[in-house]
Amino acid sequence: YTGQSQGKGRRPVFGTGAPPKEKEKTPAARMEEHMDTKTPHAEQSERQILAAALQKGNLRHAEGLIPEDFLAVRDQRIFRTMRDFENRGEPLILDRLTTHLTKDKPEEEPEGMAGHLSTLYAEEVLDCNLPGCVAEIRNRAIERELRKKYMESLQPGGIGDLSGHLVGMREFLDRAAASPFVEVKPVLHELDEINRRILDPGTKPVPTFS
């Protein structure tokens, strides 16, 4: 008890010691802090790229993008169809795309493809922003893949040889780091620390991601 309560109803204050020291986090725990808790998404950038394709009739502004870079299954299918049209030398015309995409709709895809395409076609597109939109989409796609690989490493028995998995993850991160729009250095540092401890013969037991 340190001092008297002042005034009716005031609670006495107990203890004067310093707050407990925070426990040092493991490399795996620090690595997890760098992983976004939500699935990274670049919805507006994705809409701009698809809208520009419908309005321009081509995908020249979308170099380097693949269907899987888009988050929604519906938008993946739109972009994949656009690529298929271009590969066959067909122009990206709204009516033709709508007819093609409204046939044989996958079960997991939401309704309203025709309305979605019409909305995209009417959207205002800023050409000067398109390179940044491409970069943002690739950035978020890499982040999602990075988080997916990390979460796979947390599954018990789901990765087999842990050292081999880390080597593969490191290779993926090195490729991601080649993009000027992706910040993976903090994750690379933590991964190196985990890998060092695993490969150190004096370390027992072998640390895990659990």
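The values are calculated or read from the model by the stated rules, or taken from the named source; none is laboratory data. The structure presented is a predicted model; accordingly, all values stated were derived computationally and were not measured. Because the Cβ atoms are built from the backbone with ideal geometry, glycine has one as well, and the counts that use them run over all protein chains shown. Areas reflect the complete protein model, heavy atoms only, side chains present, ligands, DNA and RNA absent. Shrake-Rupley method; radii C 1.70, N 1.55, O 1.52, S 1.80 Å.
Residues in the stretch 53-68 include at least one that is in a helix (DSSP H, G or I), of a type in the set (Gly, Ala, Ser), on the phi < 0 side of the Ramachandran plot and over 23 Å from the mean Cα position of the chain (by Cα).
Annotation note: Cβ proximity below 6 Å between a residue of the stretch 121-139 that is more than 22 Å from Leu97 (Cα to Cα) and open to solvent by less than 80 Å² (accessible area, probe 1.4 Å) and a residue that is of a type in the set (Val, Ile, Thr) and assigned to a helix (DSSP H, G or I) (sequence gap 6+ or interchain) occurs for Cys133/Ile49.
Take the residues in the stretch 73-82 that are in contact (Cβ under 8 Å) with a residue 24 or more places away in the chain and within 22 Å of the chain's Cα centre (by Cα); name whichever of them is surrounded by the fewest Cβ atoms within 10 Å (Cβ to Cβ). Among residues in the stretch 73-82 that are in contact (Cβ under 8 Å) with a residue 24 or more places away in the chain and within 22 Å of the chain's Cα centre (by Cα), the one surrounded by the fewest Cβ atoms within 10 Å (Cβ to Cβ) is Val73. Counting the residues of the stretch 45-64 that are over 12 Å from Leu120 (Cβ atoms) and open to solvent by less than 10 Å² (accessible area, probe 1.4 Å) gives 2. Among (1) more than 13 Å from Gln48 (Cα to Cα); (2) touching a residue at least 24 places away in the same chain (Cβ under 8 Å); (3) touching a Phe, Trp or Tyr at 6+ places or on another chain (Cβ under 7 Å); (4) assigned to a helix (DSSP H, G or I), which single condition is Leu92 missing? Evaluating Leu92 over (1) more than 13 Å from Gln48 (Cα to Cα); (2) touching a residue at least 24 places away in the same chain (Cβ under 8 Å); (3) touching a Phe, Trp or Tyr at 6+ places or on another chain (Cβ under 7 Å); (4) assigned to a helix (DSSP H, G or I) leaves (4) as the failure.
Quick check: anything in the stretch 81-88 of a type in the set (S, T, N, Q), out of contact with any Ser or Thr (no Cβ under 7 Å at 6 or more places or on another chain) and over 22 Å from His41 (Cα atoms)? Within the stretch 81-88, one or more residues are of a type in the set (S, T, N, Q), out of contact with any Ser or Thr (no Cβ under 7 Å at 6 or more places or on another chain) and over 22 Å from His41 (Cα atoms).
On inspection, Lys103 passes the criterion of being without any contact (Cβ under 8 Å) to a residue 12 or more places away in the chain and of a type in the set (Lys, Arg).
Output the residue which, of all residues in the stretch 106-120 that are at pLDDT below 90 and open to solvent by 70 Å² or more (accessible area, probe 1.4 Å), is nearest to the chain's Cα centre (by Cα). The qualifying residue nearest to the chain's Cα centre (by Cα) is Glu108. Within the stretch 85-96, one or more residues are of a type outside the set (Gly, Ala, Ser), within 15 Å of Ala62 (Cβ to Cβ) and touching a Pro at 6+ places or on another chain (Cβ under 9 Å).
Looking at the stretch 28-43, can you tell me whether even one residue there is at pLDDT 80 or above and crowded, with 17+ Cβ neighbours inside 10 Å? Write out each step before concluding.
Quick first cut of the stretch 28-43, residues at pLDDT 80 or above only: 42-43.
Adding the requirement that they be crowded, with 17+ Cβ neighbours inside 10 Å leaves 42.
Within the stretch 28-43, one or more residues are at pLDDT 80 or above and crowded, with 17+ Cβ neighbours inside 10 Å.
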